[in-house]
Number of protein chains: 2
Amino acid sequence: MPSTNVDLTRGDFTLPGEAGYEQLTLRLAEKWGADTIRDSDGTQLSPEILESGKAIYSTVCLVRSVQPWARVNRDKLQQNFLMSFPVVAEKAKTTITLLDGFFTEQFAVNWRDSPKTWWQVFDRTTGEEVAKRKWVFNEKKGTVTIDGTTPGHRYTVNFLAFRIWEEISMYNHLTNDWGDREHLAAVDPMQPATQKVLLRFLDTWLREHPATKVVRFTSMFYNFSWFWGADRKTLRDVYSDWGDYAMTVSPRALRLFEKKYGYKLVSEDFVNGGLYNSTHNAPSRRYRDYMAFMHDFVIEFGRKCIELVHRYDKLAYVFYDDHWVGVEPSSPRFHEFGFDGLIKCVFNAFEVRLCAHSTGVKTRELRLHPYLFPTGLKGEPTFKEGGNPTLDAKNFWIDARRGIVRAPIDRIGLGGYLSLVEPFPDFQDYIEGLAKEFRLLKSFHAGDKPWTAPYKVAVLTAWGDLRAWTCSGHFTPGVPLYDVLESLAGLPLEVQFIDFDDLVANGVPKGVKTIVNCGRAGTAWSGGHYWSDPRVEAVLTQFVQKGGGFVGIAEPSALVQPGQCFKLARVLGLDRDGGERVANGKYKYAVAPSHFVTADAVSPLDLGKETDGIYVFGPDTTVLAERDGSPRLAVHPFGKGRAVYLSGFKFTHENTRLLHRAIAWSASQEATWGAWQSSNVKTEATCFPKAGKLVVINNAGTDESTVVTLADGKTAQKVKLPAHGIEILDI
Amino acid sequence: MPSTNVDLTRGDFTLPGEAGYEQLTLRLAEKWGADTIRDSDGTQLSPEILESGKAIYSTVCLVRSVQPWARVNRDKLQQNFLMSFPVVAEKAKTTITLLDGFFTEQFAVNWRDSPKTWWQVFDRTTGEEVAKRKWVFNEKKGTVTIDGTTPGHRYTVNFLAFRIWEEISMYNHLTNDWGDREHLAAVDPMQPATQKVLLRFLDTWLREHPATKVVRFTSMFYNFSWFWGADRKTLRDVYSDWGDYAMTVSPRALRLFEKKYGYKLVSEDFVNGGLYNSTHNAPSRRYRDYMAFMHDFVIEFGRKCIELVHRYDKLAYVFYDDHWVGVEPSSPRFHEFGFDGLIKCVFNAFEVRLCAHSTGVKTRELRLHPYLFPTGLKGEPTFKEGGNPTLDAKNFWIDARRGIVRAPIDRIGLGGYLSLVEPFPDFQDYIEGLAKEFRLLKSFHAGDKPWTAPYKVAVLTAWGDLRAWTCSGHFTPGVPLYDVLESLAGLPLEVQFIDFDDLVANGVPKGVKTIVNCGRAGTAWSGGHYWSDPRVEAVLTQFVQKGGGFVGIAEPSALVQPGQCFKLARVLGLDRDGGERVANGKYKYAVAPSHFVTADAVSPLDLGKETDGIYVFGPDTTVLAERDGSPRLAVHPFGKGRAVYLSGFKFTHENTRLLHRAIAWSASQEATWGAWQSSNVKTEATCFPKAGKLVVINNAGTDESTVVTLADGKTAQKVKLPAHGIEILDI
């Protein structure tokens, strides 16, 4: 580690304290330079720690903090719409048991708020709603009976259900076999009476925690959507989405929405044929209105809580975790909460970028992995016999570090049971070094920005900046935009996230030289129905005609029309045959042996799950790779601009380089290619111009050598790096 | 070959005569027992042959027979709508060169029939037609110029083009390098003046061919659709479809249509965004009306031609080939032509069944492969050095024979240049034996019907019986229904073909115990938009509820709705996730180790190109095979009935058995399983009850042994068969 003026040994580190292990807590706080000690959920820190001079950081989850109130106010619990599992009519009268297939320890039908007002019954065969006079409900039996059903048609009921067991309590309880421990329920702060109770609770809590410096909310009020099935072995998660606002709904919320927006939402706006409003699918405009409404509410009541914290001279941090819905750290309104800090648990570089991207907090902190638990997320040993937590930590660190090098982060920390690290002295040493490495990287960001290419890249999705640097929660296999984000997170590129409304209203943002659109047809990532606005096609086509770039991955701009699948097919020089072109001939191409885009590509190309049925229009399209007659990688000049198509994407070191080259070529930036480029794709170089430092990182678990090209794009510097290593050069 | 009362040595065989090889012609006619000698296209038979006592069979293609008339009546040539290749607007004025990308030796723009009346210009970005006042055409430049175009939008012109080179003439000319030989053009019999010219030509021709007994039409008037591209190396076939009526269109036809049907068709009804009306895609109701209109016309004028043939005391046969459009041998109106015979060239068993299925002719004849040409269809040697025509003949024969055993065929024949067989005496011997084998099988069909299972199977498609035993022309890889038909063609099952209108109007036909629906979403085979009629779902669901069966293959009943892909998902017990269910949990199943359906299945299962993303609903669905978490084969009881799902299908001997079992199980017919079943899947057994014969065929090129179960489903008979062999047992 080279010398620096910054004290690399202390600060910016949150350590999870553990009662009963006071000496260890204090020793490791010293070794790792922790300035803050956290009380883990369910542990109370001892006086020794509270009085150690470290800042104390305590967690609170408001909505499950007032159980006595929750126990007696069952009508004020959180609720949501559920769609009953489809029932096929056999006769003219059909009865549906509403909760059949759902976990009845989680849900109880809400019979109290007039079912005839809020519920809807659908004939899913015709797609039409069944008139309200044609069905009756039976609270005792838990059923709805429909009159005049057509035999052979499918019927479902959208109904309101209270959640009588809060999901995180439920998950921990069942995972850890907590037996007859109380089932916690989450109260709904949408109810004015509940708000009062919560504020009163918080006030008392703040008074009773004088040593606490940082109040960490987990998170605000509404959990991500998580509906459990009756049989946990075969179908635990009927529905689970990190970003769906399904679990915020209530008759009161819907009434307030109508008052504010001037139109009524119905159950089907939330149920959507059982797809609900998954973040992965392109959202309706009605649902976007509802999100804005709910975000507004969460800010409004959240701010009251935070103001209370501030009145006690404490800081309010928010953990971007389970109850995050409505918080939206990427929203331009996030600052209105008044939070002092944002904490993000990270597995990947894109999550680091997500945390760094949030505006409106002074402090951005990462919770690193591995968590101090005996086993990892898949049940593999970590801090126990057979585990290698040091290697785990190294591997997690090289993933997160790619993002930390590119974007400023203020603090790091660990979570879990500190006592577990006692038998692993090499882990203790590694974290000491890791913390120093973090502080050094942080120091480079101070007053400086890492060098990026002289052009901007925009990622176009239906969500735009609201879901910048994420799709929906942690990495999900099969959603190729995650892989793209993970590649982008470590590249020397300035990346913006734009949505279709931005594009139509304001055109392509200034400075953006190329646009990435990646995803399966219909998804929010590709854009789905947003492509039906012809202005989107016009703006983007003109952008490329005039010299811009477009990188399309999987099913970019997909919106099926007769004879056409990709709206930007002419820009891409190719389209997809979804099976309707059996009779249409396909242009016979030859695969080009070499190209700027594939100069560092390895063979065979691994692009994950790929889109098939691609066909090119003619000789203007250069195919760089193909399989079974379907191009996998192709480039196409269009007007004064250029397009690149990839049939899929998977995060690997090689593909990161491939994407980087595709972006540079599409942006017509071959001339600027090479500066601060590391020849070995397993390594990456970052230049901090003001600091005069060149950071070279090894993203692999093997020793690597590389040659870094300097600013002029020509002069080269050889660098050797140990496995997981870093090298800092003066430039 | 067992003894029989029938003379197996002569009759029912058409031999292609060749001028200059009179002795060979007569010798082989004797050896093969030919009763008919055909003059190949372009050859005149010598007097020796004409006077041999054999029936003479001559070919005529009316629409290209009157070149002097065609040369001077360019406005009476056949025509069609073309869609210009899309052009992306850069400015407010955009010019499109209509024939850019098309083969200008095939097409000439029809400027004569008011373009403003018949043509349409589309903004394909919005999907809207451009007002006629906004565009002008320029005959000299061959262009259309559009005013007020939006930069970045795509524009196309639908325009009428005459075909100045008849496609078969064009294909043969260019394939064989015929240099400056005349480009033949096809005249349009829709024009009354042309009808007169054609009838006059036919009258003269009939008078000038006194020796001809059979007039073989090739075929009637309109070729299957075949649009060639400008560059034959890279995109010869811009569009090619065996069943599309695109090349029948003309302003006169459209005016007559309007008069008869009371509404106007427009160019887009034919162009359909460049997809035209491919047989593979679910047809619109407007297009079905047009087909009926044109079928009516072809019958009306065709009948006049046939009546003329009959007036000369000759027979009229039709070759189900190039100019077949409007003939429709499977139509219930086909008999109205008054044809005496139908000839079908066959590669596969399903084509044999197609020929046998046609009603309204006395004689059904097969043209067998290999054709007597030096090379085969893929350029491989046949009747020349390196070829093995005998083995080719055996392999083609075992494919066709499966169908011949199951359905009555009256005649067989060969085509091509007879002289080519001279150096292949073993081929001459093999055809002698093959002809005897055919005559024997034919004799079993006389007054008898092969045994079939005691229930009927229906294949449900958008075309129904009109496209019975075919999809669109010869076998096309990637269209799994072809594979299904090829399997069905040799199975002891009574198969019906039904469409959605049949189903809604009349329900499932009597005797049908199970229904097969097979194809990709949107195709005519799966059904496409026909599934949007809720009555279809209701009828089929009730059918299965009450004890019927359903076999769904690939994307059966597919019609994407929110949260649902297959309309019969509840019947199948599974559905397809097209990518929209990332957040919806999937039921965890175990693969069942054994089942009636898979009792003879081989591992690994090869179902060709498969549908992925399948998920099952619950424990009622039994998964029998899966890949990457997606079921490939599953069974599901529903109500009193049963459903089977296969994610794809490929014709193999093993899969034929699998399909047979799936059908039997879905029809709840395990009890009738076993009768006349041959244990070895490479062999098949057929019982002719009245003849008291059991025909066992070897469908493989290897010697095989098998055990045939007799009528009682228990008693067994061992049979040994040589490669390609047949065994006839008395029972």
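The values are calculated or read from the model by the stated rules, or taken from the named source; none is laboratory data. From a predicted model like this one, the values you see are computed outputs, not experimental measurements. Here Cβ is always computed from backbone atoms with ideal geometry, including for glycine, and neighbour counts include all displayed protein chains. These area figures cover heavy atoms from the full protein model, side chains too; ligands, DNA and RNA do not enter into them. Shrake-Rupley method; radii C 1.70, N 1.55, O 1.52, S 1.80 Å.
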Q) So which residues in the stretch B:539-555 are in a loop (DSSP other than H, G, I, E, B), surrounded by 20 or more Cβ atoms within 10 Å (Cβ to Cβ) and more than 10 Å from chain A (Cβ to nearest Cβ), if there are any at all? A) B:GLY548
**Q.** A:TRP165 vs. criteria open to solvent by 10 Å² or more (accessible area, probe 1.4 Å), of a type in the set (Phe, Trp, Tyr) and outside any helix (DSSP H, G or I)
**A.** no
Q.
Filter the stretch A:398-422 down to the residues that are hydrophobic (A, V, I, L, M, F, W, C) and under 28 Å from A:LEU45 (Cα atoms) and list them by number.
A. A:ILE409, A:ILE412, A:LEU414, A:LEU418, A:LEU420, A:VAL421
Q) Applying the selection to the stretch A:270-282, what residues are within 21 Å of the chain's Cα centre (by Cα), under 15 Å from B:GLY579 (Cα atoms) and either in a helix (DSSP H, G or I) or not aliphatic (A, V, I, L, M) (or both)? A) A:TYR276, A:ASN277, A:SER278, A:THR279, A:HIS280, A:ASN281
Q) If A:ILE663 passes every condition in (1) open to solvent by 10 Å² or more (accessible area, probe 1.4 Å); (2) under 19 Å from A:ASP483 (Cβ atoms); (3) β-branched (Val, Ile, Thr) but one, which one does it miss? A) (1)
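Tell me which residues, restricted to the stretch A:2-39, are at positive phi and modelled with pLDDT under 90.
A:GLY20 - this is the single residue of the stretch A:2-39 that is at positive phi and modelled with pLDDT under 90.
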Q. Any residue at all in the stretch A:91-100 that is within 14 Å of chain B (Cβ to nearest Cβ) and among the β-branched types (Val, Ile, Thr)?
A. yes
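From B:ARG216, B:ARG200, grab the single residue that is in a strand (DSSP E or B), modelled with pLDDT of 95 or more and away from chain A (no Cβ under 14 Å).
Only one candidate qualifies: B:ARG216.
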Q: Kindly indicate which of B:VAL516, B:VAL504, B:VAL536 is assigned to a helix (DSSP H, G or I) and open to solvent by less than 10 Å² (accessible area, probe 1.4 Å).
A: B:VAL536
Q) Can you spot a residue in the stretch A:180-187 that is over 30 Å from A:GLY127 (Cα atoms), modelled with pLDDT of 95 or more, among the small types (Gly, Ala, Ser) and outside any helix (DSSP H, G or I)? A) yes
Q.
Can you report the number of residues in the stretch B:484-514 which are in contact with a strand residue (DSSP E or B) (Cβ under 8 Å, 6 or more places away or on another chain) and within 14 Å of chain A (Cβ to nearest Cβ)?
A. 2
Q. Is there a residue in the stretch A:323-340 that is crowded, with 21+ Cβ neighbours inside 10 Å, hydrophobic (A, V, I, L, M, F, W, C), in contact with a Pro (Cβ under 8 Å, 6 or more places away or on another chain) and more than 14 Å from chain B (Cβ to nearest Cβ)?
A. no
Q. If you take the residues in the stretch B:556-599 that are over 20 Å from A:PRO86 (Cα atoms) and of a type outside the set (A, V, I, L, M), which one is farthest from the other protein chains (Cβ to nearest Cβ)?
A. B:PHE596
Q) Looking only at residues in the stretch B:224-255 that are within 14 Å of chain A (Cβ to nearest Cβ) and in a loop (DSSP other than H, G, I, E, B), which one is surrounded by the most Cβ atoms within 10 Å (Cβ to Cβ)? A) B:ASP244
**Q.** Given (1) in contact (Cβ under 8 Å) with a residue 60 or more places away in the chain; (2) within 30 Å of B:ALA711 (Cβ to Cβ); (3) open to solvent by less than 40 Å² (accessible area, probe 1.4 Å); (4) not small (Gly, Ala, Ser), number of the condition B:TRP451 does not satisfy
**A.** (3)
**Q.** Selected residue (criterion: farthest from A:CYS565 (Cα to Cα)) from residues of the stretch B:264-283 that are of a type outside the set (S, T, N, Q) and more than 11 Å from every other protein chain (Cβ to nearest Cβ)
**A.** B:LYS264
Q.
Quick check on A:LYS260: is it assigned to a loop (DSSP other than H, G, I, E, B), of a type outside the set (A, V, I, L, M), open to solvent by 30 Å² or more (accessible area, probe 1.4 Å) and touching a helix residue (DSSP H, G or I) at 6+ places or on another chain (Cβ under 9 Å)?
A. no
Q) Taking strands (runs of 3 or more DSSP E) that fall entirely within the stretch B:664-731, which contain at least 3 residues that are under 19 Å from B:PHE444 (Cβ atoms)? A) B:683-688, B:693-698, B:716-721, B:726-730
**Q.** Selected residue (only one of A:THR390, A:THR461 is β-branched (Val, Ile, Thr), crowded, with 23+ Cβ neighbours inside 10 Å and touching a residue at least 24 places away in the same chain (Cβ under 8 Å))
**A.** A:THR461
(Q) Restricting to the stretch B:52-72, give me the number of residues that are open to solvent by less than 10 Å² (accessible area, probe 1.4 Å), assigned to a helix (DSSP H, G or I) and either free of Cβ contacts under 8 Å to residues at least 40 places away in the same chain or out of contact with any Cys (no Cβ under 8 Å at 6 or more places or on another chain) (or both). (A) 2
Q: Select from the stretch A:600-609 the residues that are away from every other protein chain (no Cβ under 12 Å), at negative phi and either surrounded by fewer than 19 Cβ atoms within 10 Å (Cβ to Cβ) or not hydrophobic (A, V, I, L, M, F, W, C) (or both) and list them in ascending order.
A: A:ASP600, A:VAL602, A:SER603, A:PRO604, A:ASP606
Q. Only one of B:THR149, B:THR156, B:THR126 is in a loop (DSSP other than H, G, I, E, B), open to solvent by less than 10 Å² (accessible area, probe 1.4 Å) and within 14 Å of chain A (Cβ to nearest Cβ); which?
A. B:THR149
Q) Picking from B:ARG570, B:ARG581, which residue would you name as being among the basic types (Lys, Arg), at pLDDT 95 or above and buried (at least 24 other Cβ atoms within 10 Å of the Cβ)? A) B:ARG570
